[in-house]
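Enquirer: Take this structure, written in structure tokens, and hold onto it; I'll ask about it next.
The values are calculated or read from the model by the stated rules, or taken from the named source; none is laboratory data. Keep in mind it's a predicted model, so treat the numbers as computed, not measured. Reconstructed Cβ throughout: ideal geometry from the backbone, glycine too, with neighbour counts over all protein chains shown. All accessible areas refer to the heavy atoms of the entire protein, side chains included, with ligands and DNA or RNA removed. Shrake-Rupley method; radii C 1.70, N 1.55, O 1.52, S 1.80 Å.
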There are 2 protein chains.
Amino acid sequence: MAPRSSDPTGLHRVLDDATVLPQAAQRLDTTRTLWPDEVRVRVETLNLDAASYRQLERKHGGGGEAIRAEVLDIVASRGKMQNPETGSGGMLVGVVEEVGPESPLGLAVGDRIATLVSLTLTPLVIEDGLARWDGRGEQVPCDGYAVLFGRSIAAVIPDDLPAALSLSVMDVCGAPALTARVVAGYEAPIVAVIGGGGKSGSLSLAAAWQAGAARTIGVVPHEREAALLREAGLADEVVVADARDPIALRDAVTAAGGPADITVVCVDVPGCEGGAILATADRGTVIFFSMATSFSAAALGAEGVAADVTMLVGNGYVPGHAAYAMELLRTHDGVRRLFEGRLEALA
Amino acid sequence: MAPRSSDPTGLHRVLDDATVLPQAAQRLDTTRTLWPDEVRVRVETLNLDAASYRQLERKHGGGGEAIRAEVLDIVASRGKMQNPETGSGGMLVGVVEEVGPESPLGLAVGDRIATLVSLTLTPLVIEDGLARWDGRGEQVPCDGYAVLFGRSIAAVIPDDLPAALSLSVMDVCGAPALTARVVAGYEAPIVAVIGGGGKSGSLSLAAAWQAGAARTIGVVPHEREAALLREAGLADEVVVADARDPIALRDAVTAAGGPADITVVCVDVPGCEGGAILATADRGTVIFFSMATSFSAAALGAEGVAADVTMLVGNGYVPGHAAYAMELLRTHDGVRRLFEGRLEALA
């Protein structure tokens, strides 16, 4: 039975038999016609979640054709881009094409926006077969349309920055905002960011410093990234360690002035839970931003070593998060250089 | 190469090639001889984690023989009880058999104890083929031995309570302790406990009340459990809702005086993340205690509905958690009646 009214959560577009939210649904209704509180966006670029892209890359041995075929298949069969292994999706950039009369999002036709809700709950139709994408890299040129619900988040792309730069910041803007909030709850804490040289990691380091950290420690996987992060000047200490090796991670953070009061996990590889917990002081907090985090590994890992730490599921939404992240980029040359360097490497 | 010294985390018993903690290991060394900081326990009963047992039950269509065979196989091949699907294990009861000269746990030979670290990181050898277990139910009579590391948690079973009762309280004692800590951080909050009639749920309701909740709401799946919880007098409001239906859960909690400032998830079924998030007020906290929780469903679910909520991975360890839970049982007749009724139903 078709629903007679739309729900701000998008429930009216769920095609599953059970009542589940769009994010948990197997399949979404991608009908082009809008409900009164919806917005339709002409898609320009899909930005796949890093953990999702890595999984596809591993699965297909890096074969671009096979990766592209699987993304097309997922979107066609589910009506949204959600990697069945990682459960994650990504975000998109596009131009507002139509705004329902009851949409509360404040968008206008022609606005160039990034969606800050996940692709895992966004009705999506790909119309060009991803012909302009070779299957390599997380940025996917795409023609098609997507639908935003009443309760959603979208940010207009600023005029003063290149679009690719804005997009790559907005993609991870939940991390610095939540890091800043947690840091502000401690008195001059020591903050370790695992994966401090990455996108969410470098922004989180800048946020920790800005929010009052007494000392910041950036952990990176190899010397090349350490050199980049040192040059960016975003961390008081930069150390090299394999985050999947719990003892190595604990020892590296301790040697750099830890244990940390707050440990922020920003690396998209599985198996970092134990090391993050061991690197954190009693009554400290671990914030997990990686979609590769295992809930049970975190819960049982802390219990297993009798660690009295608070563990947060990194919520991608904090009010004002996009504006805050853009501000960090504008005011920290080191952050901007890292982001620009990353984009150049991709180009 | 065999390690030359033991590590308090039990690292010296990990047989994997990579350096991982015992909880993340594929296989543990179950050698009977102790390292100086270890303790060996003669096992009486294994208490399987509820999510793990349910998964085995579903997989084998409730067939007791097949469930028993799989548990034996897991323990024989991995040297520990860890369900490969859920990642979870359980706990055990036994009698201390030998104490290494450098053990910091304060245990003595002959002490009857419950281990409060997970079976997923406890070296375990089953010696009786689980001959006294029919594969039905989470309580598994067992003869064999287990090893506790230097950094571990074990509680001596109190004399004034039946052992089965103590065990069943200690199994979930992390939940009330963490709930109390979170409740104390709010000013007279409204607390909803999803699965309020269960073991961790009823203790969490008592803890919330004791820690200063202004109103407690217990959510249960059907009228029979609602009647039991009402009779126990542990919640100001008792409502029936399917926690997997996000809209039904949101509406039920709202009608009972919500949204909740703190929502505690204690049900061992997948798919409760979205409803818990929607039932929680802005700037509220969701505590996930269920091992069936999906990290990505929680993280993306909150972002997807633009929910500014703090989400905690329920850490099974809070200092003093076992004593606190036993105290709640002793001082709340309603909690004790629910636990005793549950044990009678199993007998």
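Enquirer: Return the calculated 222 nm mean residue ellipticity for chain B, to the nearest 500 deg cm²/dmol, obtained by summing -39500 (n - 2.57) across DSSP H runs with n ≥ 4 and dividing by the residue count.
Expert: -10000 deg cm²/dmol
Enquirer: If I model segment A:174-346 as equal point scatterers sitting on the Cα atoms and use the Debye formula, what is log10 I(q)/I(0) at q = 0.15 Å⁻¹?
Expert: Per q value, in the given order, log10 I(q)/I(0) is -0.73.
Enquirer: I've got another one for you. Taking the label point 7 Å from Cα in the Cβ direction, how far apart in nm is B:Glu223 from each other copy of itself, listed shortest first?
Expert: 7.3
Enquirer: A further question follows. Please compute the length gained on full extension between A:Asp143 and A:Asp282, using 0.36 nm multiplied by the number of residues separating them and subtracting their Cα-Cα distance.
Expert: Extending this stretch completely gives an extra 45.0 nm.
Enquirer: Let me ask something else about it. For segment B:143-148, what does the Karplus curve 6.51 cos²θ - 1.76 cosθ + 1.60, with θ = phi - 60°, yield as ³J(HN,Hα) per residue in whole Hz, taken in order and with x for Gly and Pro?
Expert: Residue by residue, segment B:143-148 yields 10, x, 9, 9, 10, 9 Hz.
Enquirer: Please list the non-local residues whose amide H lies under 5 Å from the amide H of A:Asp7, H modeled 1.01 Å from N, same-chain partners needing a gap of 5 or more.
Expert: Hits under the 5 Å cutoff: A:His12.
Enquirer: Would you look at the GNM of chain A, springs on alpha carbons closer than 10 Å, and say which of A:Leu300, A:Leu72, A:Leu46 moves the most?
Expert: A:Leu300
Enquirer: Next up: Semi-axes of the equivalent ellipsoid of segment A:92-163: what are they in whole Å, largest first, if each equals the square root of 5 times a C-alpha gyration tensor eigenvalue?
Expert: 22, 15, 11
Enquirer: In percent, how large is the relative contact order of chain A, given Cα pairs closer than 8 Å and 6 or more residues apart?
Expert: Reported as a whole number, the value is 14 percent.
Enquirer: Mind checking the mean number of beta-carbon atoms from other chains within 10 Å of the Cβ atoms in B:75-88?
Expert: Rounded to a whole number, the mean comes out at 1.
Enquirer: Something else now. What is the interface area between chains A and B, defined as buried accessible area summed over both chains with a 1.4 Å probe, reported in Å² to the nearest 100?
Expert: It comes to approximately 4600 Å² buried between A and B.
Enquirer: Next question, about the same structure. Give the chain B residue with the shortest beta-carbon distance to the rotation axis relating chain B to chain A, plus that distance as a whole number of Å.
Expert: Looking at chain B's Cβ atoms against the axis toward A, the nearest is B:Phe295, 2.
Enquirer: Please give the helix B:333-346 orientation as an angle from the longest Cα principal axis of chain B, in degrees from 0 to 90, rounded to the nearest 10.
Expert: The two axes meet at around 60 degrees.
Enquirer: Now for a different question. Placing the label point 7 Å from Cα along the Cα-to-Cβ direction, what are the distances from B:Leu343 to the equivalent spots in the other copies, shortest first, in nm to one decimal?
Expert: 6.5
Enquirer: Further question on the same structure: What are the ³J(HN,Hα) values, in whole Hz, obtained from phi via the Karplus relation 6.51 cos²θ - 1.76 cosθ + 1.60 with θ = phi - 60°, for each residue of segment A:252-262 in sequence order, with x given for Gly and Pro?
Expert: 5, 5, 4, 5, 8, x, x, x, 7, 6, 10
Enquirer: Nearest 5 is fine: what % of DSSP beta bridges in chain B come out antiparallel, could you say?
Expert: Taking every DSSP beta bridge within chain B, about 55 percent pair in antiparallel fashion.
Enquirer: One decimal, nm, shortest first: give the distances between the label point of B:Gly129 and those of the same position in the other copies, each label point 7 Å from Cα along Cα→Cβ.
Expert: Nearest to farthest, the other copies are at 6.2 nm.
Enquirer: Continuing with this model, one more query. Distance between Cα centroids, segment B:247-293 to segment A:192-255: provide it in whole Å.
Expert: 34
Enquirer: Still on this structure, please answer the following. Considering only B:Leu130, B:Ala281, B:Gly61, whose Cα is most displaced toward the positive end of the charge dipole of chain B, charges sitting on Cβ of Lys, Arg (+1) and Asp, Glu (-1)?
Expert: Among B:Leu130, B:Ala281, B:Gly61, the one farthest towards the positive end of the dipole of chain B is B:Leu130.
Enquirer: Please work out how much length the chain gains when fully extended from B:Ala69 to B:Val109, using 0.36 nm per residue of separation minus the C-alpha to C-alpha distance, in nm with one decimal.
Expert: Working it through step by step, the gained length comes to 11.2 nm.
Enquirer: Just read off the accessible area of B:Met311 with the full protein assembly in place, 1.4 Å probe, to the nearest 10 Å².
Expert: 0
Enquirer: Now a separate question. For chain B, what class follows from the C-alpha gyration tensor (a ≥ b ≥ c being the square roots of its eigenvalues): rounded when a/c is under 1.5, otherwise prolate if a/b is larger than b/c, else oblate?
Expert: prolate
Enquirer: Would you grab the residues whose amide H sits under 5 Å from the one on B:Ala281? Only those 5+ places off in sequence or on another chain, please, with H modelled 1.01 Å from N.
Expert: Residues meeting the amide H criterion: B:Ala260, B:Asp261.
Enquirer: Do you know the Lys pair count in the protein assembly as shown for C-alpha distances under 26 Å, with sequence separation 8 or more or different chains?
Expert: Taking the Cα cut-off of 26 Å, the pair count is 6.
Enquirer: With the full set of protein chains in place, find how many percent of the accessible area of chain A is carbon and sulfur; take the probe as 1.4 Å.
Expert: In chain A, the share of accessible area belonging to carbon and sulfur is 50 percent.
Enquirer: OK, next. Go ahead and run the numbers for FRET between B:Ala76 and A:Arg337, Cβ-Cβ distance against an R0 of 60 Å, rounding to 0.05.
Expert: For R0 = 60 Å, the calculated efficiency reads 0.65.
Enquirer: Moving on. Between A:Leu15, A:Leu329, A:Leu229, where does the largest GNM mean-square fluctuation fall for chain A, given springs only between Cα atoms within less than 10 Å?
Expert: Greatest mean-square fluctuation among the candidates belongs to A:Leu15.
Enquirer: Oh, and also: In a Gaussian network model over chain B where Cα atoms closer than 10 Å are linked, find which of B:Val41, B:Val109, B:Val264 has the largest mean-square fluctuation.
Expert: Result for chain B, Cα springs under 10 Å: B:Val109 fluctuates most.
Enquirer: Per residue, what accessible area does the protein assembly as shown have, given a 1.4 Å probe and all protein chains present, in Å²?
Expert: Computed with neighbouring chains in place, this is 37 Å² per residue.
Enquirer: Quick one: what do you get for segment A:11-157 if you divide its Cα Rg by 2.2 N^0.38 Å?
Expert: Normalised Rg, Cα atoms only: 0.99.
Enquirer: Equivalent ellipsoid semi-axes for the protein assembly as shown, as square roots of 5 times the alpha carbon gyration tensor eigenvalues: give them largest first, rounded to whole Å.
Expert: The answer is 41, 30, 23 Å, longest axis first.
Enquirer: Sticking with this structure for a sec: Other chains near B:283-291: what is the mean number of their Cβ atoms within 10 Å of each residue's Cβ?
Expert: The mean count of partner-chain Cβ atoms within 10 Å per residue comes to 2.
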